[in-house]
Amino acid sequence: MGRELKRKEAKRSGKSVKEVQKKDNSISSKNLLIILGVLLVLFALTYLLAGIFATKEINLFKKETKETEETNNNIRNRILAQDSLKQLDETYYVYYYDSANEDSEISDVVSKISEEVYRVDLNDDFNANFIGEPSGVVDNLEDLKVKDPTVIKVSSSKIVEYYSGEEIKTSLK
């Protein structure tokens, strides 16, 4: 409000110019609070929508089942074939499988093993040089050849047991 308008307003209402200015300032601070509140609400709403739909960090309908836990565990324990004997655990199993043609019965048997199980996807090109006629228990990793599916037991960085095909179902139950 300009100076001339303030004088006219003061003349009409019978108040002094200072009282009119005071009234004008209180309205602007009230408007400022309203604007800040609206901006805060909009920011929070944008954050929630981005968290739910874009980044998926916020999951309102969290429905994690045992199957999704096992899938997450399988992804976490995935290794390359060249790292089969390089894991930190003293005794563990390595499960070689083809992700494009995985046998669910054998996968269930392997997931029930009490020790740690690492998974090697033979469908991955990095693991192609380990595919061949099954070699059984070997002394070094370069001689290891597997077919889909195969499970080896490793103890102290050495292969101690070797199971291939249907033998996995009978031996590891």
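Residue-wise HN-Hα couplings along the range 121-134, as the Karplus relation 6.51 cos²θ - 1.76 cosθ + 1.60 with θ = phi - 60° gives them from phi, are 8, 6, 6, 6, 5, 5, 9, 5, 6, 9, 8, x, 5, x Hz; Gly and Pro carry x.
Determine the gain in length on full extension of the stretch GLU57-LEU32; use 0.36 nm per residue of separation and subtract their C-alpha separation, reporting nm with one decimal. Present the calculation step by step, with values, prior to reporting the outcome.
Working: separation 25, 0.36 × 25 = 9.00 nm, distance 3.28 nm.
Length gained, GLU57 through LEU32: 5.7 nm.
Rolled with a 1.4 Å probe across the full set of protein chains, the surface gives THR170 an accessible area near 110 Å². Using a cutoff of 8 angstrom between alpha carbon atoms and counting only pairs six or more residues apart, the relative contact order for the range 75-124 works out to 54 percent. For ARG78, nonlocal amide neighbours, meaning residues 5 or more places apart or on other chains whose placed amide H falls under 5 Å from its own, are ARG119. Would you mind checking LYS56/LYS145; LYS86/LYS112; LYS30/LYS56 for any pair whose Cα atoms are more than 29 angstrom apart? Exceeds cut-off: LYS56/LYS145; LYS30/LYS56. In this structure, the amide hydrogen of GLY136, modeled 1.01 Å from its nitrogen in the peptide plane, lies closer than 5 angstrom to those of LYS145, counting only residues at least 5 positions away or on a different chain. When peptides 34-47, 139-152 are sorted by average Cβ neighbour count within 10 Å, with the highest value leading, the order is 139-152, 34-47. Note on exposure: ARG7, ARG76, ARG119 ranked by accessible area (1.4 Å probe, complete protein assembly) read ARG76, ARG7, ARG119, with the most exposed listed first. Amide H contacts of TYR96: VAL120, THR150, VAL151, ILE152, each under 5 Å away and 5 or more positions distant or on a separate chain (H built 1.01 Å from N in the peptide plane; Pro and chain starts excluded).
The values are calculated or read from the model by the stated rules, or taken from the named source; none is laboratory data. Computed from a predicted model, the values in this text were never measured in an experiment. Cβ atoms come from the backbone with ideal geometry, glycine included; neighbour counts cover every protein chain shown. Just so you know, the surface numbers come from the protein's heavy atoms only, side chains and all, with ligands and any DNA or RNA stripped out. Shrake-Rupley method; radii C 1.70, N 1.55, O 1.52, S 1.80 Å.
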